[in-house]
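Notes follow the structure.
The values are calculated or read from the model by the stated rules, or taken from the named source; none is laboratory data. Not measured: the values here are computed from a predicted model. Glycine gets a Cβ as well: all are built from the backbone with ideal geometry, and neighbour counts include every protein chain shown. Ligands, DNA and RNA are stripped out before the accessible areas are found, and what is left, the full protein with its side chains, is counted by its heavy atoms. Shrake-Rupley method; radii C 1.70, N 1.55, O 1.52, S 1.80 Å.
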Amino acid sequence: MLYLCARKYKLSINMSKTTMGNKLPRKLEQKMQTVGEQIKLARLRRNLSVVQVAERATCSPLTVSRIEKGTPTVAIGIYLRVLYALQLDDDILLLAQKDEMGRALQDLALKHRERASKKQ
């Protein structure tokens, strides 16, 4: 009977499954945890509670806790609001600032042989 009811109304049971969308490689998980720990330390240095940061960042205390644990499903916009609440929002500008590999690749692309102009 339940099967017929579910089929008739096209109900679906929400099953938790691991997908590439919420599962990161171990190395990235560790980096997310490190970022979370750094945000937590910044909050504690300012003597702010999770609730206070959540209020200032206009999000829930659970979301701030997830950030501090390094949960990868929190949107980057929420991270920015939490950093702003901690007055650390300029730190986001440090991301990809050095880009040593990109600069090396750019330099390699610039090293092409140029011909001398034709003499007339």
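So for region 84-96 (the condition being of a type outside the set (A, V, I, L, M, F, W, C), closer than 24 Å to LYS27 by Cα and open to solvent by less than 60 Å² (accessible area, probe 1.4 Å)), does at least one residue qualify? Among the residues of region 84-96, not one is of a type outside the set (A, V, I, L, M, F, W, C), closer than 24 Å to LYS27 by Cα and open to solvent by less than 60 Å² (accessible area, probe 1.4 Å), which makes the answer no. For region 42-51, name all the residues that are under 17 Å from ASP89 (Cβ atoms) and either of a type in the set (D, E, K, R) or assigned to a helix (DSSP H, G or I) (or both). Within region 42-51, ALA42, ARG43, ARG45, ARG46 meet the criteria.
Those residues that are part of a helix (DSSP H, G or I) and closer than 27 Å to LYS23 by Cβ, I need them from region 71-87; list them, please. Residues satisfying the conditions are ILE76, GLY77, ILE78, TYR79, LEU80, ARG81, VAL82, LEU83.
Residues in region 88-120 that are touching a residue at least 12 places away in the same chain (Cβ under 8 Å) and in a loop (DSSP other than H, G, I, E, B): 1 in all. Filtering region 54-76 for residues that are surrounded by fewer than 14 Cβ atoms within 10 Å (Cβ to Cβ) and among the acidic types (Asp, Glu) leaves an empty set. The numbered conditions (1) under 23 Å from LEU95 (Cβ atoms); (2) modelled with pLDDT under 95; (3) open to solvent by 90 Å² or more (accessible area, probe 1.4 Å) are all true for LEU24 except (3).
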